[in-house]
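Okay, so here's the structure we're looking at.
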Amino acid sequence: MRPLGHIRVRPELFGLALLTTTALTLAVPPSLAGAAAAQPAPVRSATNAAFTVEEQRLDRAVPQEILRRGGFGTVAPDFVQSLRGADSYAEAERTVERTGARLWQRAVDRAQGRGPARGDLSRDDDRPLYWARLALTRELRQWQPEFDLSESRRAALLGKLERSSRGQDSMDFPARGDIREAKETKGLKRIVLTGFDPFTLDRDIRISNPSGATALALDGTVIRTADGPARIEAAVFPVRWADFADGTVEQALRGPLSRADLFTTVSQGRVGRIDVERFNGAWRGGFGDNENVSETGLVPVTDPASQPQWTTTSLPYRSIVAADTGRFPVYDNTSVTEIPAGGTAPVVRPGGPTPGSAARAGGGGDYLSNEIAYRATLLRDRLGLDVPGGHVHTPVLQFGAGNTDPATGSVTDPEFVQNRLDIIAQLRTIITVAAEAS
């Protein structure tokens, strides 16, 4: 068998597919399959470090409109003012963590109807958080304090800002039997949910991700099940291969999963349907991420000698599929792509992997949606947890008829908003069904 390759490239353009061709259909209207926008030249900051590809997109008209209409237009200037008062690294750490946590909570509050909307975009919109975070990281990347700040310490500050503004540091459940646990929380089920940033932004920079919107809508909420209440703690993750290789999933989820009664990773998948992905594969298929970086090869994990080719959902998929959860049909997806034992060519297996096979795509493809499912379920198994968990793919969030061309379309429309609200509502119901069946 040919050795597994590892490729890291920065192509200028990537085709539009919301997941990958090995397992998923293209997740955009055919009318958008044409021209792609070239990346702008790197912008140099005062520290002589280039802004990231994601940060370079920030100055385009659509991100600025989303920030303004989402009520997040002053977030970056306020952060700059706060940084000016940081006269030591310790103070900078506190400022960064406080700013990130406030940004996350502000986005959650907006999504859940608390406080002023501060703009005319619908409250369920996940995009203001995404672009506001990039505005903050860009300011932090070029900040020059009075004290000495090494690039390694700047990177540490950027990491703190990323984690706190994604809700990754605030997925807090009391430990079972913890004497600090309040009486009113005893018997409360604990549910962990993750979503993603928008992606494929060079094809349509207006894109929203319903998984991220779901995370904002459900974080900290309590749902009522037939077995009693259940609290949801949520976070969002970047669409970047490097962050996953650096262990961001395991770092964020190790503690929460060890206390959870149920977990589900969520991402945007196929048009017009929801899928509960039965199998997750240990393979990166190479589709470009939000930094326009491609990675192909085995999913990099700790202790690769014990790494399985496949992990399996433990969600109650039969109950989820059988329930009337909303407008979109829900499927138990068992299809994978594998290289059979002794073989050399990839084969699609509708019924799941065969013994000894090498993964080339899980049910959720070979992109980061499959990878977060693989990492979370592998973490479950390595921690020896007997907890239901797995991945759910939402429908593609589509703009309304007449608003599909990114060159001429608006950033929102009534059908677009209703589609996102329907997806969020159906995911809430699916989680309720899963909690009741577990």
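The values are calculated or read from the model by the stated rules, or taken from the named source; none is laboratory data. Owing to the predicted nature of the structure, the values given are computational and were not obtained by experimental measurement. Here Cβ is always computed from backbone atoms with ideal geometry, including for glycine, and neighbour counts include all displayed protein chains. Heads up: the accessible areas ignore ligands, DNA and RNA and are worked out on the full protein's heavy atoms, side chains in. Shrake-Rupley method; radii C 1.70, N 1.55, O 1.52, S 1.80 Å.
How much net charge surrounds ALA76 when only the other residues with a Cβ under 9 Å from the Cβ of ALA76 are counted, with Lys and Arg +1 and Asp and Glu -1?
On the way: positive: ARG138; negative: ASP78, GLU139.
Cβ neighbours under 9 Å give a net charge of -1.
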Worksheet item: Roughly how many Å² is the accessible area per residue of the chain, as a whole number, for a 1.4 Å probe?
Response: 40
Worksheet item: Can you give the three extents of the C-alpha atoms in region 55-129 along their principal axes, from longest to shortest, in whole Å?
Response: 39, 29, 15
Worksheet item: Restricting attention to the alpha-carbon atoms of region 367-428, what are Rg (one decimal) and Dmax (integer), both in Å?
Response: 17.1, 52
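Which value, in Å to one decimal place, does the Kirkwood hydrodynamic radius take for region 341-390 when every pair of different Cα atoms is included?
This gives a value of 12.4 Å.
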Discussion item. Highest mean first, how do 229-240, 352-363 rank when packing is the count of other Cβ atoms within 10 Å averaged over residues?
Written reply: 229-240, 352-363
Worksheet item: Taking the radius of gyration and the Kirkwood hydrodynamic radius from Cα positions alone, what is the Rg/Rh ratio for region 74-205, to two decimal places?
Response: 1.03
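Roughly speaking, to the nearest percent, how much of the chain's 1.4 Å accessible area is carbon and sulfur?
Values: 9210 of 17730 Å².
Here carbon and sulfur together make up 52 percent of the probe-accessible area.
Can you give me the relative contact order of the chain as a percent, contacts being Cα pairs under 8 Å and 6 or more apart?
In percent, rounded to a whole number, it is 20.
Using only the Cα atoms of region 259-306, build the gyration tensor, take square roots of its eigenvalues as a ≥ b ≥ c, and label the shape rounded, prolate or oblate: rounded if a/c is under 1.5, else prolate if a/b is larger than b/c, else oblate.
Numbers: a/c = 1.97, a/b = 1.11, b/c = 1.77.
Oblate shape, in that a/c is at least 1.5 and b/c is the bigger or equal ratio.
Which semi-axes, in whole Å and largest first, does the equivalent ellipsoid of the chain have when worked out from the alpha carbon gyration tensor as the square roots of 5 times its eigenvalues? Walk me through the numbers before you get to the answer.
Details: eigenvalues 195, 140, 112 Å².
Result for the chain: semi-axes of 31, 26, 24 Å.
Using the Cα atoms as the points, what is the convex hull volume per residue of region 189-310 in Å³? Please list the in-between numbers first.
Working: hull volume 16.7 nm³, N = 122.
Cα-based convex hull of region 189-310, divided per residue, equals 137 Å³.
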